[in-house]
1. Note the full-extension length gain between Thr28 and Thr106 as 0.36 nm times their separation in residues minus their Cα-Cα distance, in nm to one decimal.
2. Using only the Cα atoms of the chain, what semi-axes does the equivalent ellipsoid have when each is the square root of 5 times a gyration tensor eigenvalue? Give whole Å, largest first.
3. Between Lys6 and Val55, what length comes free when the chain is fully extended (0.36 nm per residue of separation minus the Cα-Cα distance, one decimal in nm)?
4. How far, in nm, would the chain grow between Ala19 and Arg71 when pulled straight, counting 0.36 nm per residue and subtracting the alpha carbon separation?
5. Taking neighbour Cβ counts within 10 Å as the exposure measure, how do Tyr64, Tyr81 sort from fewest upward?
6. Quick one: order Val68, Val104 by neighbouring beta-carbon count within 10 Å, fewest to most.
7. Which whole-number percentage describes the relative contact order of the chain, with Cα contacts under 8 Å and a sequence gap of 6 or more?
8. For the stretch 60-107, state what percent of all Cα-Cα pairs lands in each successive 10 Å bin, counting from 0 Å until the bin that includes the largest distance.
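Every number in this text was worked out from the coordinates using simple rules, so none of it is lab data. Remember, it's a predicted structure, so these values are computed and weren't measured experimentally. Note: ideal-geometry Cβ built from the backbone for every residue, glycine included; neighbour counts use all protein chains shown.
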Amino acid sequence: MDSLLKMTATISRATAGAADSWGQPGETWATVATTKCLVQHISAKEMMSFGESVVSSHKVWLPYGTSVMNRDRVVVSGDTYEVIWVEDNVGGQAHHTMAMLKLVETS
């Protein structure tokens, strides 16, 4: 599997930031990992995430044990994705981690 991971992903996670001018809590994004990956476009797939229906448009494969969680951002080749679902240990053999993504910004 590692030989297929020819792209580079930067994974960022939201952390609490300073409140905005209206007193609403802010977010900042901190990089938690930079790793090799493979991103694949898929047919739109509707899923439930945080009690909402969302559409996934891409999958990402990462090395097993990569720190990635729902709501993280993944940037690959200038495109930004939001993680909507993670499956760690796909295949049960400590093989790889797979996540479903939603494209949120394209380069």
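1. Stretched fully, the Thr28-Thr106 segment lengthens by 26.1 nm.
2. Those come to 25, 16, 14 Å.
3. Between Lys6 and Val55, full extension yields an extra 15.1 nm.
4. 16.7 nm
5. In increasing order of surrounding Cβ atoms, one gets Tyr64, Tyr81.
6. The most exposed by this proxy come first: Val104, Val68.
7. 25 percent
8. Percent of pairs per bin, in order: 30, 50, 18, 2.
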